[in-house]
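Here is the structure we will look at, set down as structure tokens.
Since every read-out is calculated from the coordinates, none of them should be taken as a lab result. No experiment lies behind these values; they were computed from the predicted model shown. Backbone-built Cβ (ideal geometry, glycine too); neighbour counts: all protein chains shown.
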Amino acid sequence: MNTAKTIRLADMDKKETIIFSIDINNGFCRGGALYSPRTKALIPATVKFLAYALAKGYEVTAFTDCHGEDSPEFSVYPEHCLSTDAESRLVSELEFLYNSPKARVIPKNSTNGFFVIYPKAMEKYENFIISGCCTDICVYQFAITLKAYFNQRNLRKNVIAVSSLIDTFDMPGHNADEINSIFFTSMLANGIIVVDSIEY
């Protein structure tokens, strides 16, 4: 399964599956210091997938960066996604997540969404589908930490990264295509299932 090109959502029981969307917000997709056109390009496919999944009764958790002005992250990254501005809000196409009974939108003050969920509550699921940005930062940290938590608990779970719904930024010294290759390979090496796409 680790080398599958495509998986089918219908093959996964909706009671045993949870979908994560990471940082498809205004600060990364619309403008601001950490805006990337590659992240913006994820919006249409992400919206289509999440809307379909919710309509079929699957649970969705969407993380979004949300910082105070004194965030320690700003010693490493430029100021972004302040809680007082629109950057920390999901893009308008995903506004439906704020009002869906099967969806949760969770603000996070770090690059790793794992620290704002209740890991014990995750143990009831078998399949964890991950999408969003950025491949080498927030997506990678969440996927790796989630998998490591289950390993520590001796639990065999399917942590799945859908590469067509994940990307990173491109800039001098940070070639997005190379970074994607390196970090998806590392995910595979750590027991995460990386697939090209998901059918639904």
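Worth a mention:
- Order of H67, H80 under a 10 Å beta carbon neighbour criterion, fewest first: H80, H67
- Pairwise label distance in nanometres, K120 with S197, each label 7 Å out on the Cα-Cβ vector: 4.2 nm
- Rounded tilt (10° steps) of 176-189 against the dominant C-alpha axis of the chain: 40 degrees
- Residue (of G113, S100, T17) at the positive-pole extreme of the chain, dipole from beta-carbon charges: T17
- Applying both filters, DSSP loop and at most 15 other Cβ atoms within 10 Å, to the trypsin sites (Lys or Arg not before Pro) of the stretch 104-200 gives K124, R153, R156.
- Percentage relative contact order, the stretch 6-199, counting C-alpha pairs under 8 Å, at least six apart: 27 percent
- Cα-only radius of gyration and Dmax that characterise the stretch 6-199, units Å: 15.6, 45
- For the chain, leaving out every one of the GluC sites (Glu not before Pro) that falls in a DSSP loop and has at most 14 other Cβ atoms within 10 Å, the longest unbroken run is 124-200.
- Computed from Cα atoms, the angle from the helix 140-152 axis to the main principal axis of the chain rounds to 40 degrees.
- Nearest 10 degrees, 0 to 90: helix 43-55 Cα axis against the chain principal axis: 40 degrees
- Per-residue Cβ neighbour counts within 10 Å put M122, M187 in the sequence M122, M187, beginning with the fewest.
- At a Cβ-Cβ separation cutoff of 4.7 angstrom, cysteine residues of the chain with no neighbouring cysteine are C29, C66, C81, C138.
- Shown here for the stretch 1-103: trypsin sites (Lys or Arg not before Pro) in loop regions (DSSP other than H, G, I, E, B) with at most 12 other Cβ atoms within 10 Å, namely K5, K56.
- Over the residues of the chain, the helix contribution to mean residue ellipticity at 222 nm works out to -7000 deg cm²/dmol, using -39500 (n - 2.57) for each DSSP H run of at least 4.
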